[in-house]
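The values are calculated or read from the model by the stated rules, or taken from the named source; none is laboratory data. Just so you know, these numbers come straight off a predicted model, no measurement behind them. Methodologically, a virtual Cβ is constructed for each residue, glycine included, from the backbone with ideal geometry; neighbour enumeration extends over all protein chains shown.
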Amino acid sequence: MNNPVTQETKNGACYISMACELGGNPICQEMLDGLYSAIDKAESDKNANLIIIKSSVDGVFSKGHDLTRLQEMDHAEAKHYNLRGQRLISQIKNIKKPVLALVDGDCFGPAFEIILACDMVYATAKSRFGFNETAYGFIPGFGGTQLAARKIYETFVKYLVFTGEPVLSEELFNKGMVSRVAADKAELEKLGDDMAALMAKRSSFAVGLAKETINNTIDLDLNKGLLLEQNAFTFSFSTFDKTEGTKAFVEKRQAQFKDRWEDYRF
C-alpha cells in the first residue's frame, strides 16, 4: 500500500491529508502510523502554529475501519491495532499545538474518534458522523466511548454507539461537538485557512499553555482546576510573549511573538 498520509506546511499551518487507495478512505494501520508520524513532525515544525487534518479523497473523510483486514485479525492483532489507534488519540490530545479537523463527507467509526480528539472540528453541512461498529459485532476502540461522553451528555452518546445511526454536522454543531459548519468544501477550506492565519497572530506558547490547562483540568473539581489555571496564568507572566504582547498593545502595533514549545521538546 502506498503511503496514505501526506503533509505540507504553508501559511503557518501543517496540513495533514489522508488518502487510502481503497474505496471509502478506510482507516488502517498504515494510516494510523502515518498520522502519528506526521503529527510528531508537525509538532517540531516552528513554521506551523496549527495542525489541520483532512481527507484528500473527494466527498468522504473516512467510512471507518478496513473491515476486510479486521475480519482476518486475531485477538493479539486486534490488541496491537487498538493500541495504535489509542496512541494517536493520546498524541492529538497531549501535543501543545491546536489540531483542527476539516470534515467533508462521511466520518464514521475510528475517523469519528480521531476528530473527537481534535481541539476543533469544522464540517460541511452534508457531512455525517457516526459509530458504525456495532453493526459489525464490535464497539469503538480508539477512545470513542470516552471522548464522546466527555463532550456531550451520556444518553446521546449511547444512542450514537448503540444504534450506529449517522447524524449530520448541524446536529453535532448544536450539541457543541462540531465548531463550525460550512456550506461546501470551498468554504470549509477557506475557514481552515482563516484559522491558520488567525493562529499565526497569536502566541503559540500561550495557546499551547491554554490547551494543556483545559485538557488537564476538565475532569478535576473546580478548586483543583482553578489552582492549575492560576499556576499556568502566573507562569505566562515570566515569558517573552507576555511582555511583547502587552507592549505591542500599548504601542498600537502587531505583536512579534517568539516563545515556542518546540524549544522545550525532548
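The listed residues are Asp40, Asp104, Asp74, and the only one of them that is surrounded by fewer than 21 Cβ atoms within 10 Å (Cβ to Cβ) and either over 25 Å from Ile218 (Cα atoms) or at pLDDT below 95 (or both) turns out to be Asp74.
Residues checked against (1) within 17 Å of the chain's Cα centre (by Cα); (2) farther than 20 Å from Ile114 by Cα; (3) at pLDDT below 95:
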| site | (1), (2), (3) |
| --- | --- |
| Phe162 | no, no, no |
| Gly176 | yes, no, yes |
| Asp184 | no, yes, no |
| Asn216 | yes, no, yes |
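Take the range 169-184 and flag every residue that is surrounded by 16 or more Cβ atoms within 10 Å (Cβ to Cβ) and within 17 Å of Phe61 (Cα to Cα). Ser169, Leu172, Met177, Val178, Ser179, Arg180, Val181, Ala182, listed by residue number.
All of Cys14, Cys20 fail the test of being crowded, with 17+ Cβ neighbours inside 10 Å, in contact with an Asp or Glu (Cβ under 9 Å, 6 or more places away or on another chain), without any contact (Cβ under 8 Å) to a residue 60 or more places away in the chain and assigned to a loop (DSSP other than H, G, I, E, B), apart from Cys20.
Answer with yes or no whether Lys126 is of a type in the set (D, E, K, R), out of contact with any Lys or Arg (no Cβ under 6 Å at 6 or more places or on another chain) and part of a helix (DSSP H, G or I). For Lys126, the condition - of a type in the set (D, E, K, R), out of contact with any Lys or Arg (no Cβ under 6 Å at 6 or more places or on another chain) and part of a helix (DSSP H, G or I) - is not met.
Scanning the range 84-122 for residues being in contact with a Leu (Cβ under 6 Å, 6 or more places away or on another chain) and assigned to a loop (DSSP other than H, G, I, E, B) gives a total of 2. Only one of the numbered conditions (1) without any contact (Cβ under 8 Å) to a residue 60 or more places away in the chain; (2) out of contact with any strand residue (DSSP E or B) (no Cβ under 8 Å at 6 or more places or on another chain) is violated by Val181, and that is (2).
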